[in-house]
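Only one structure is covered here, and it is reproduced in the block below.
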Amino acid sequence: GAVVSQHPSWVICKSGTSVKIECRSLDFQATTMFWYRQFPKQSLMLMATSNEGSKATYEQGVEKDKFLINHASLTLSTLTVTSAHPEDSSFYICSARDAGGSGEKLFFGSGTQLSVL
Amino acid sequence: DAKTTQPTSMDCAEGRAANLPCNHSTISGNEYVYWYRQIHSQGPQYIIHGLKNNETNEMASLIITEDRKSSTLILPHATLRDTAVYYCIAVLLPSGSARQLTFGSGTQLTVLP
């Protein structure tokens, strides 16, 4: 099946620094990718929809200037957490739809555990 | 998307069938039922989906009631590695468009040795 690669798997950073998370579709082209966030013992919450070649669409309450999304190619979307603070510590997950498929499956990356000290 | 309701948790003995119910009483005629699972600290994994008919693949079977108001995911021979949170999601999926999935609380399935 289609594979979505997400890196890094985990990252620890100091408060105030920026962290970039990459999401790649390895064997298919993804015109749209989604970014989710998950806090401990909670479900996944959609943060934003990343569209190749255009601006991302953010969910209500998600700061677009803090969570920068770039989808410059059909196989890569990046999420940059700018000026990270401890409350940004969370599990971040991306997903992608195979543009060449029927759109019936979304594939997920393995997630990135971000810990901000 | 129609709201889905699942039990918070279930236990199952290893080797036995795990039957996970999902209620989606307000589902519309064009909404699919999807099942994903999430093993601890990993991204969700697609299991199966269906619209009206029962479906089976190498991982599981999906039984959808005739009125489509509920469904059951069946893992025929549960193993310890099937311990995970299972999400039942109803989503309208127009052909050719991407659609995000809205995750509920899911069911924590624990397979016991």
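Tabulated values for the structure
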quantity	calculated
Which listed residue, of A:SER54, A:SER43, is under 14 Å from A:PHE91 (Cβ atoms), of a type outside the set (Lys, Arg) and surrounded by fewer than 17 Cβ atoms within 10 Å (Cβ to Cβ)	A:SER43
Close pairs from the range B:91-111: first farther than 11 Å from B:THR4 by Cα, partner of a type in the set (Lys, Arg) and at pLDDT 85 or above, Cβ under 9 Å, at least 6 apart	B:LEU109/B:ARG37; B:VAL111/B:ARG16; B:VAL111/B:ARG81
Residue match in the range B:42-63 (condition: closer than 30 Å to A:THR49 by Cβ and among the hydroxyl-bearing types (Ser, Thr, Tyr))	yes
Residue that is farthest from the other protein chains (Cβ to nearest Cβ), among those in the range B:30-52 that are in contact (Cβ under 8 Å) with a residue 24 or more places away in the chain and part of a loop (DSSP other than H, G, I, E, B)	B:ASN30
The range B:54-105, subset small (Gly, Ala, Ser), at pLDDT 95 or above and part of a loop (DSSP other than H, G, I, E, B), residue nearest to A:TRP35 (Cα to Cα)	B:ALA60
Members of the range A:19-49 that are of a type outside the set (A, V, I, L, M, F, W, C), more than 10 Å from chain B (Cβ to nearest Cβ) and touching a strand residue (DSSP E or B) at 6+ places or on another chain (Cβ under 6 Å)	A:LYS20, A:GLU22, A:ARG24, A:SER25, A:ARG37
Residue tally, condition of a type in the set (Val, Ile, Thr) and in contact (Cβ under 8 Å) with a residue 60 or more places away in the chain, over the range A:47-100	4
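Yes/no per residue for (1) surrounded by 13 or more Cβ atoms within 10 Å (Cβ to Cβ); (2) out of contact with any His (no Cβ under 7 Å at 6 or more places or on another chain); (3) on the phi < 0 side of the Ramachandran plot:
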residue	(1), (2), (3)
B:ASN19	yes, yes, yes
B:SER25	no, yes, yes
B:ASN57	no, yes, yes
B:ARG68	yes, yes, no
B:ALA90	yes, no, yes
B:GLN108	yes, yes, yes
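Yes/no per residue for (1) out of contact with any Cys (no Cβ under 6 Å at 6 or more places or on another chain); (2) over 23 Å from B:GLN45 (Cα atoms):
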position	(1), (2)
A:LYS14	yes, yes
A:VAL19	no, yes
A:ALA56	yes, yes
A:CYS94	no, no
A:ARG97	yes, no
A:GLN113	yes, no
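The values are calculated or read from the model by the stated rules, or taken from the named source; none is laboratory data. Since the structure is predicted, the reported quantities are computational estimates derived from the model, not experimental observations. In this analysis, Cβ positions are derived from the backbone assuming ideal geometry, glycine residues included, and neighbour counts consider all displayed protein chains.
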